[in-house]
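The values are calculated or read from the model by the stated rules, or taken from the named source; none is laboratory data. Bear in mind the structure is a predicted one, so any value in this text is a computation, not a measurement. As a convention, Cβ positions derive from the backbone with ideal geometry for all residues, glycine included, and neighbour counts pool all protein chains shown.
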Amino acid sequence: MTYASVKVQIAPESVPSIPSWFSEVTVLAHMFTQYGVLNAIERRVRFTRARFGHYDTIDFVVILIGYAVSGEATLEAFYERLLPFASTYMALFGRNQLPCRSTLSRFLAALDRPSVEALRALFQEDLVARAPQTFPPGGLWDRLGRHWLVIDVDGTKQSARQRALPQTEALPAPHRRFDHVCAPGYLGRKRGEVTRTRTTVLQAHSHHWLGTFGGPGNGDYRGELTRALEAIICYAGWLCMPLSQMVIRLDGLYGNAAVIHDLLQFGVGIIVRCKDYGMLDLPAVQARLRLLPDQETTHPESGVSRALFDCPDLPLMPTGPRVRLIVATHPATSTKKPSIGILRGETVYELFLTTVPLHAFTPADVLDLYLHRGSFETVLADEDREQDPDRWCSRTACGQEFWQIVCQWIWNLRLELGQHLSASPMRLTEFAPAQASEPTQVVEPAQASEPTQVVESAQASEPTQVVEPAQASEPVLYGPPQWARRSFTKGFTGADFSQQPDGTLRCPAGHPLSAHERRLEHNGSLRILYSARLCHCRPCPLREQCQEAATTIKPRRVSAVFWPISSSPSVSAESPPTLVEPPPTQPEPAPYPILWGDWQRCRIRRQWIRLLRTQTVDLTFSSVQQEEKMAISHSDVQTRAERAHWRITWDQRLARNARLSTASPLQVTIHGLPAAFAQSFHFDVVTAA
């Protein structure tokens, strides 16, 4: 029932409403055109295939830009909302006709790797061209006053459902649409039968994405990490920042010796959770664990109290390099295997490897800095909520990665636009307070039985390095590895697996074996167990010869024994033995706090999105629009070169769907944006009548 003063009436003619995201697409189209990004995509992202129609790569890129901005769940829903304004939308980017959805799907399915890498290079160049101006590099300042930049690398997964299909001799082999983009793997908490893993790289202070690299199943985490390092190195080079001041935070997936060895070859700093618990058996670590801990910390949320032991100089592998190991221990609350760490006796041990200086970061600082990487998960959650780049846009690896690069590009641009809309200063947080230097107290003999608690509390608050004579001796040197003898089945032995410079082994089929376990035997030898990946062993043609059976479900493992080298035979009469001097006394840590500088994570983007989706957009065409349509529908005579689409020049390809210069002018008016924002991006400002 309605009131008498309210009259409701229906108009039979259809007048679709302008999409709420249309104004944001308009602003982005202006930016891409103003800064020459569209022109760069046309010149550098070049891809052709047979029966390409009259479209070019730029036509499909602008569709993906709108799809990423809209937040629509599927391409079908996006096209339904866009079709009434198709010509207007394409006119924003200087194009004429909108490619249909099936044409876009065929384009993404046919994309090749060079096109994806060309778009990725443009994305990274555009990031460093404008981001440092809007967001001056934040960072981390240690206790010595030095500046660091923290980068997070981690993976995210997306699963896909597959129906159970009957497989009999009377039926052909099933064809799955996700065969080229997914594979069986770890699903986590996601439902599905196959999955795809995406490794992402995030600048932890301004929350800019630096790259995305995907793979089917569990992915090639070492290969994707290498590509992520290349993106980080390029980013540091563009910022003119030394690699030694870049700290990469990684989880336990990357915590084995081979991966860490690869990272250290690039010269970057790392903080990683180590999963090589065999390092606990090293003599230097065992000697350090028998002493008092350097520090004790309590996590403010979980309430877990950890005792921290700092081992500043340990060999990662028998041949190096040397890293800093921090052992965190806490009492076990159950006899079950802990989800993180290893249980020995009634104590849980956690290992953290890092390369940050000893007096710039205390053990508690390193632990807090690693646990702070939990903020990376919140950024991934924001990305899923606002853009959901893991939704399936293509059933091919190149097409899906092409789409995800566009999504990260839109994310970074939203940060810049939101900062120009409502500028916010960099937040400076005291990550860890300064260490107060306490004066040395002289204990008199009469009071020698009382200050026991005072000494222990001072050691818990300020680390005191206690060096035993065993720790000051030379490190143990090991000889070449010794392998087991060939078995009676004449299969491959350990000697058939060649050693690599990064500490891994290479099997006869060319696949890597990583060091997964390290055991110190009672006779003084060191045993290292190498293991291959199951995805490499299953389809290997040499599987039966390598594992002595074709039915085993476990990957190949190889064991190597390293015997210590005695120092006495190597001493000759000509060269006197080198005296081992005690390490010099290190200066105390500088009394500076650790500072963390960053920007707000959500407000910058969300305020920008909320404003544009609640403001009115006016579209105005001139009266010559009908004449333009009549002129476009007229077909001209084609030459044979024009009819064979792959033989025409690049300029001719772009001109086929370009908007004519004689087309009716389009005027878009966006309400609600301040005049200062319009002047920053060279928009015309409407003057009040």
Residues satisfying the stated conditions in region 515-545, i.e. among the basic types (Lys, Arg) and modelled with pLDDT of 75 or more: ARG527, ARG533, ARG538, ARG543
Any hit, region 584-592, residues being at pLDDT 90 or above and of a type in the set (Phe, Trp, Tyr): no
Candidate set: region 287-313, residues that are modelled with pLDDT of 90 or more and among the acidic types (Asp, Glu); chosen: the one farthest from THR355 (Cα to Cα): GLU296
Conditions (1) in contact with a Ser or Thr (Cβ under 9 Å, 6 or more places away or on another chain); (2) under 30 Å from LEU413 (Cα atoms); number of the one not met by GLU230: (1)
Test set (1) outside any strand (DSSP E or B); (2) crowded, with 18+ Cβ neighbours inside 10 Å - VAL247 fails condition number: (1)
Output for region 517-553, where each listed residue is closer than 22 Å to VAL259 by Cβ and in a loop (DSSP other than H, G, I, E, B): ALA532, ARG533
Test for GLN419: is it closer than 30 Å to ALA676 by Cα, surrounded by 18 or more Cβ atoms within 10 Å (Cβ to Cβ) and modelled with pLDDT of 90 or more: yes
Test: residue in region 107-116 that is among the charged types (D, E, K, R) and surrounded by 17 or more Cβ atoms within 10 Å (Cβ to Cβ): no
Within region 500-514, tally of residues that are touching a Leu at 6+ places or on another chain (Cβ under 7 Å) and modelled with pLDDT under 80: 1
Test result for GLN625, modelled with pLDDT of 50 or more, of a type in the set (S, T, N, Q), surrounded by 13 or more Cβ atoms within 10 Å (Cβ to Cβ) and under 25 Å from SER23 (Cβ atoms): no
Region 156-181 - residue that is in contact with a Leu (Cβ under 9 Å, 6 or more places away or on another chain) and modelled with pLDDT under 90 and, of those, surrounded by the most Cβ atoms within 10 Å (Cβ to Cβ): ARG176
Test: ALA129 is among the aliphatic types (A, V, I, L, M) and closer than 30 Å to SER424 by Cα: yes
Residues that are among the hydroxyl-bearing types (Ser, Thr, Tyr), under 26 Å from ARG113 (Cα atoms) and touching a helix residue (DSSP H, G or I) at 6+ places or on another chain (Cβ under 6 Å), drawn from region 7-53: THR48
Residue list for region 130-145, restricted to those being in contact (Cβ under 8 Å) with a residue 60 or more places away in the chain and part of a helix (DSSP H, G or I): ARG130, ALA131, PRO132, THR134
Selection within region 514-526 - surrounded by 16 or more Cβ atoms within 10 Å (Cβ to Cβ) and more than 25 Å from CYS182 (Cα to Cα): ALA515, HIS516, GLU517, ARG518, LEU520, LEU526
Test: ILE271 is farther than 30 Å from LEU520 by Cβ and of a type in the set (Val, Ile, Thr): no
